Each structure stands twice: as C-alpha cells, then as structure tokens.
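To start, the structure itself, in structure tokens.
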C-alpha cells in the first residue's frame with residue numbers, strides 16, 4: 001500500500017472511545033482532516049463531539065456530501081462485526097468512499113493490498129504479499145505472516161500471531177495472544193478466544209477458547225456480546 005499523501009476531509013461515524021481514537025490517529029498521523037462526526041439520530045445527545053460538529057447519520061449526506069467528503073467507521077466487534085458491516089454498507093449506499101488508516105508505526109511493505117475502512121494500529125508487522133479486505137480492524141502488536149489473506153469485516157485484537165499463507169474468512173474474531181498455524185483456514189465468523197492455539201482449519205461460527213483450544217457448543221452468532229474472557 002503506497003502512502004496516501006492527498007488530504008481528504010473525513011466524517012467519522014460514532015461518538016465512542018473508538019471514534020475518539022480514530023480522530024486522534026488521523027489528526028497526528030495522517031494527511032487527512034477530520035471535519036465532523038455522525039451518529040444515528042436516536043443516539044445523538046449533543047451537537048458536538050471532540051469539538052467538532054456531530055450530525056445525524058440519516059442526513060449526514062446533506063451536510064457533508066459524498067462528492068466532497070469521505071467517511072470512516074471505527075465500530076466495534078458487536079455481533080461478530082455485523083453491526084460494523086451494516087454501517088459500512090449503509091455508508092456505501094449513501095455514496096461515500098471510505099478511507100483506511102494504517103499507522104506509520106506499523107511495519108508494512110510495498111504492494112500491501114488493503115480495502116476500504118480498515119483501521120490498522122501501531123506495531124502491526126504485516127509481511128509481504130498479505131491481502132486485507134474491507135472493513136477490518138487490527139489492534140496493536142499483531143504479526144500477519146506472508147501470503148496470508150484476510151477477507152472482510154475481520155477483527156484482530158492485540159498480539160495475535162497469524163502465520164504465513166493463512167486464509168481468514170469474513171467476520172472472524174481473534175482474542176489477545178491467539179496463535180494460528182501456517183496454511184490454516186479460519187472459517188466465517190469463527191471466534192478464536194484469548195490465548196487459543198489453532199493448528200487446523202476451523203468450521204463456520206465455531207467458538208474456540210483457551211490454550212487447549214476447546215470448541216464450545218454454542219455458535220459465535222448466538223452470543224449477545226463477546227466478553228473479556230474471549231477478547232482479553
């Protein structure tokens with residue numbers, strides 16, 4: 001991925017800690033300018049956030065038209081990142097192009113293939129020939145091995161090791177310190193818990209917890225939320 005030096009004006013979705021973090025990173029580590037925030041009307045409690053305008057998402061395009069502004073949606077892993085996907089698709093339907101943020105303190109190589117609305121924090125080590133799809137979050141300190149393909153709407157917390165030539169399907173989630181063996185396929189919406197060690201392909205919607213990599217009887221989409229026991 002070549003560094004984007006063109007300045008873009010960005011509207012950030014949300015008024016959460018994650019939205020505040022996104023504002024900080026764009027302000028101090030990008031050429032872009034955050035001009036406003038947006039949130040669903042039902043949840044908007046004021047007209048400002050971080051000393052910038054806060055507008056309803058339902059009408060954001062009237063204030064900040066997609067022909068002139070970009071959007072960034074730093075939304076958590078709720079419902080295995082399906083909420084983030086829904087807002088991603090809603091912003092695209094409004095006509096917005098979505099920016100991605102890759103920390104200057106991450107280790108990357110020329111040719112990194114990355115989609116829209118990705119949030120890649122500091123100290124990620126992303127080796128050559130990695131491909132990352134749309135709407136993924138990689139928190140700080142992960143290792144992504146060469147020739148790995150991370151598809152869409154994936155959430156990787158911190159200090160996760162994904163070895164070379166793995167395939168990570170949509171909506172997968174990785175807890176802190178999880179380790180994935182090389183050439184492994186992580187199926188759609190697999191929840192890999194904190195400290196789990198994965199040495200073989202998973203099945204869709206599996207929940208795999210702990211150093212013994214115990215497969216839970218529930219499916220990931222059955223969870224109302226992901227607790228600290230699985231995400232660190």
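Overview of values
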read-out	value
Residue in the range 194-203 that is surrounded by fewer than 23 Cβ atoms within 10 Å (Cβ to Cβ) and touching a helix residue (DSSP H, G or I) at 6+ places or on another chain (Cβ under 8 Å) present	yes
Tally of residues being more than 15 Å from the chain's Cα centre (by Cα), surrounded by fewer than 20 Cβ atoms within 10 Å (Cβ to Cβ) and either at pLDDT below 95 or assigned to a loop (DSSP other than H, G, I, E, B) (or both) across the range 117-135	4
Residues satisfying the stated conditions in the range 55-83, i.e. in contact with a strand residue (DSSP E or B) (Cβ under 8 Å, 6 or more places away or on another chain) and not in a loop (DSSP other than H, G, I, E, B)	55, 56, 57, 60, 63, 70, 71, 72
Residue match in the range 136-144 (condition: in a loop (DSSP other than H, G, I, E, B), in contact with a helix residue (DSSP H, G or I) (Cβ under 8 Å, 6 or more places away or on another chain) and surrounded by fewer than 23 Cβ atoms within 10 Å (Cβ to Cβ))	no
Complete set of residues in the range 59-79 that are at pLDDT 95 or above and closer than 29 Å to residue 173 by Cβ	60, 70, 71, 72, 73, 74, 75
Single match in 150, 114 (criterion: buried (at least 18 other Cβ atoms within 10 Å of the Cβ) and in contact (Cβ under 8 Å) with a residue 24 or more places away in the chain)	114
Qualifying residue in the range 38-48 (condition: out of contact with any strand residue (DSSP E or B) (no Cβ under 7 Å at 6 or more places or on another chain), crowded, with 17+ Cβ neighbours inside 10 Å and either assigned to a loop (DSSP other than H, G, I, E, B) or modelled with pLDDT of 95 or more (or both))	no
Yes/no for residue 6 being in a loop (DSSP other than H, G, I, E, B) and either touching a helix residue (DSSP H, G or I) at 6+ places or on another chain (Cβ under 7 Å) or modelled with pLDDT of 95 or more (or both)	no
Selection status of residue 200, touching a strand residue (DSSP E or B) at 6+ places or on another chain (Cβ under 7 Å), without any contact (Cβ under 8 Å) to a residue 40 or more places away in the chain, over 21 Å from residue 18 (Cβ atoms) and assigned to a loop (DSSP other than H, G, I, E, B)	no
Residues of the range 161-174 classified as touching a residue at least 24 places away in the same chain (Cβ under 8 Å), in contact with a strand residue (DSSP E or B) (Cβ under 6 Å, 6 or more places away or on another chain) and farther than 21 Å from residue 116 by Cα, total	0
Residue in the range 75-89 that is within 17 Å of residue 26 (Cβ to Cβ) and touching a helix residue (DSSP H, G or I) at 6+ places or on another chain (Cβ under 6 Å) present	yes
Sole residue being over 30 Å from residue 145 (Cβ atoms), in contact with a helix residue (DSSP H, G or I) (Cβ under 6 Å, 6 or more places away or on another chain) and not assigned by TED's automatic domain parsing to the domain that holds residue 150, chosen from 58, 62, 15, 33	58
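The values are calculated or read from the model by the stated rules, or taken from the named source; none is laboratory data. From a predicted model like this one, the values you see are computed outputs, not experimental measurements. As a convention, Cβ positions derive from the backbone with ideal geometry for all residues, glycine included, and neighbour counts pool all protein chains shown.
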